[in-house]
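Have a look at the structure below before the remarks.
The values are calculated or read from the model by the stated rules, or taken from the named source; none is laboratory data. Please read these numbers as outputs of a predicted model, since none were measured by experiment. Heads up, the Cβs are rebuilt from the backbone with ideal geometry, glycines too, and the neighbour counts pull from every protein chain shown.
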Amino acid sequence: MNEIVTELLKHLDEDQREDFEERAGIMQYDGGLTRDHAECLALLYLLKKYHAPLSVSYLEGTLIGKGEEHEQHR
């Protein structure tokens with residue numbers, strides 16, 4: 001599972017987590033997506049549906065850190 005998805009799932013309540021699992025499963029099996037892709041899209045769906053606040057500092061730190069790392073390896 002993607003580390004950002006894993007971190008954000010910690011902030012979901014039981015109903016939201018169930019909704020996430022169901023949505024990811026549908027997208028994976030009925031939509032033919034990989035599990036990782038389905039989970040990312042399911043999380044985006046939930047963020048839109050529940051208007052869940054993102055942990056901006058976590059996302060910025062994770063994404064910026066990965067970008068800097070990527071630039072160093074070029």
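Hey, can you tell me all the residues within the stretch 41-57 that are outside any loop (DSSP other than H, G, I, E, B) and modelled with pLDDT of 60 or more?
Within the stretch 41-57, the first condition is being outside any loop (DSSP other than H, G, I, E, B), and the residues that meet it are 41-50, 56-57.
L41, A42, L43, L44, Y45, L46, L47, K48, K49, Y50, listed by residue number.
The set of residues from the stretch 15-33 being at pLDDT 95 or above and polar (S, T, N, Q) comprises just one member, Q28. Considering E21, E3, the condition of being surrounded by fewer than 17 Cβ atoms within 10 Å (Cβ to Cβ) and more than 11 Å from the chain's Cα centre (by Cα) is satisfied by E21 alone. Can L12 be described as at pLDDT below 90, surrounded by 15 or more Cβ atoms within 10 Å (Cβ to Cβ) and either on the phi > 0 side of the Ramachandran plot or not in a helix (DSSP H, G or I) (or both)? Criteria met by L12.
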